[in-house]
1. Using the Karplus curve 6.51 cos²θ - 1.76 cosθ + 1.60 with θ = phi - 60°, work out ³J(HN,Hα) for each residue of region 118-126 in order, rounded to whole Hz, and write x for Gly and Pro.
2. Rounded, prolate or oblate: which fits region 57-133, taking a ≥ b ≥ c as square roots of the Cα gyration tensor eigenvalues, rounded meaning a/c under 1.5, else prolate when a/b beats b/c?
3. Output wanted: per-residue J couplings in Hz (rounded whole) for region 79-96, from phi through Karplus 6.51 cos²θ - 1.76 cosθ + 1.60, θ = phi - 60°, x for Gly and Pro.
4. Say each of Asn130 and Ser54 gets a label point 7 Å from the Cα, pointing the same way as Cα to Cβ; how far apart are those two points in nm?
5. Give me, ordered by chain and number, the residues 5 or more places off Arg81 or on other chains with an amide H under 5 Å from its own placed amide H.
6. Quick one: net charge around Ile83, please, counting Lys, Arg +1 and Asp, Glu -1 for every other residue with C-beta under 11 Å from its C-beta.
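Computed from the coordinates by the stated procedures, all read-outs in this text should not be read as laboratory data. All values reported here derive from a predicted model rather than from experimental measurement. Cβ placement follows ideal geometry from the backbone for every residue including glycine, while neighbour counts extend to all protein chains displayed.
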Amino acid sequence: VGAKNVRPSLIIVGGGPGGLLASILLGDMIDDIVVVEKSSNLESLTWSDNKSYSIVLNDRGMRSLERGKCLDIVGKAGLDRLIIYILNGATGESIAEIPKQNIGLTRPVLVNCFLQTIENNNLANNNNNNNKE
């Protein structure tokens, strides 16, 4: 964020996975994005009593990460999920196994990957700006 008297072009409310990915995806089009989060510390972005800790990214989620140039970072941090097992809820018996390529990871890992991507993008932008001067 620049000077306090400069108004951002875009304000994203929420610093969880959705808000951070939105800022990454829009970062190439808009220079001055501000992400507003009600929590006052970074740890609350990754751990919370009322948020899911397990995330499985399907094809659509992985395409979004690819557009945001953060699929590699998330793929290295997550686990490959190659099969979906469908179980009988009463007996626990396996009903079906469906081959499916997904990435599984925790919410804190996903948020940290997004924060790392944002930091890398900011460093690259600063280097580009320094080279122009």
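1. 4, 4, 4, 5, 5, 5, 5, 5, 5
2. prolate
3. Running phi through 6.51 cos²θ - 1.76 cosθ + 1.60 with θ = phi - 60° gives 10, 5, 10, 9, 9, 9, 9, 9, 10, 6, x, 7, 9, x, 5, 6, 9, 7 Hz.
4. Spacing of the two 7 Å Cα→Cβ label points: 4.4 nm.
5. Counting only residues 5 or more places away or on other chains, the set is Asn102, Ile103, Gly104.
6. Here the charged neighbours net out to 0.
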